[in-house]
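One structure below.
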Amino acid sequence: MQGALNVVDDALEQLQERLQYRFANADLLTEAMTHASARGGAGPSNERLEFLGDSVVGLVIAECLFKRSSEMSEGDMTVLKSAIVSRRTLGRVGRSLGLADFLQVDEGLKQRKRYPGSIVANAYEAVVGAVFVDGGLKAATDFILRTLEPEMERARAGRHSPSYKSILQQRTQAEGKGIPRYSVVRFEGPDHQRRYLTVVHVCGEERGGGWGPTKKAAEQNAARDALDKCYPGWAGDERAPAEP
């Protein structure tokens, strides 16, 4: 029995070193690494910490984008935030931290060569939740920015997630409605401060509209408006597991 406890303690020590954060209450880290399958619904899992961590990650990234990207519109920041906090991104970061090596899961999942990305992404959020409970917002912010900084740079460089236009087109084509069509219906302001109003049509019907400082930006905002109107909850779907 003592040997088993030592193994658990060693694993927690290794994980804290990888995370570069030492818990005052190590039980929080144990909980963060416990998938619901390991408890069979009979005990605490990482789901509550994941719920908390999801909100903390969103808040920290939103604040960071707001402070660092004064030139960006609300729509542009939303695109970046969606990319940074996506299941795919958090799963990749979780793997880089080695979280999969420490997860407690049931025997069925243990037989898999590679855990689903969604499980690793959830574990990352659970760790964030655990750090937040253990050390407060400052500790959680430091951890999030340290681990997600490279992903923020990737997103800002345009190497992340599809645009609103791409997402809308994927939806409409999947439904046999063809490719959305965009048209500028109005513009205002002098040449150096021009703003464009673009509308998007699907199957000949207007589905959304949006303003932007460029025609491309206006098209993106129109596509986002169409997604909000025609596919409520689409943003949550984009955070669904991206890998098996």
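Where a number appears in this text, it was derived from the coordinates with a stated rule and is not lab data. Worth saying up front: this structure is predicted, and the values here are computed from it rather than measured. Don't worry about glycine lacking a Cβ; one is built from the backbone with ideal geometry, like all the others, and counts go over all protein chains shown.
Quick notes on this structure:
- Choice from GLY129, GLY209, GLY176 with maximal GNM fluctuation in the chain (Cα, 10 Å cutoff): GLY176
- Only Cα pairs under 8 Å and 6+ residues apart enter the sum, and on that basis the relative contact order of segment 13-151 stands at 38 percent.
- Simple Cβ-charge dipole of segment 114-156, Lys/Arg +1 and Asp/Glu -1, about Cα centre, in debye nearest 20: 100
- Evaluated at q = 0.09, 0.13, 0.17 Å⁻¹, the base-10 log of the normalised Debye intensity for the chain, with identical point scatterers placed on the Cα atoms, takes the values -0.48, -0.85, -1.20.
- Taking θ as phi - 60° and the Karplus parameters 6.51, -1.76 and 1.60, the scalar couplings of segment 211-220 work out to 8, x, x, 9, 5, 5, 5, 5, 5, 4 Hz in sequence order, x denoting glycine and proline.
- Here LYS67 is the anchor, and the aspartates and glutamates within straight C-alpha reach of less than 16 Å, apart from those fewer than 8 places off in the same chain, are ASP76, ASP142, GLU149, GLU153.
- Each residue of segment 63-77 was assigned a 3J(HN,Hα) from its phi angle through the Karplus expression (A = 6.51, B = -1.76, C = 1.60, θ = phi - 60°), giving 5, 5, 5, 4, 6, 8, 10, 5, 7, 8, 7, 4, x, 5, 5 Hz with x at Gly and Pro.
- Test item: Cα-centred dipole of segment 45-106, Lys/Arg +1 and Asp/Glu -1 on Cβ, debye: 180
- When only the Cβ of Lys, Arg, Asp and Glu is charged (+1, +1, -1, -1), the dipole of the chain relative to its Cα centre reaches about 980 debye.
- Whether segment 28-160 is rounded, prolate or oblate, judged on the alpha carbon gyration tensor where a/c under 1.5 counts as rounded: prolate
- Shape class for segment 164-238, computed from the alpha carbon gyration tensor (a ≥ b ≥ c): prolate, with a/c not under 1.5 and a/b above b/c.
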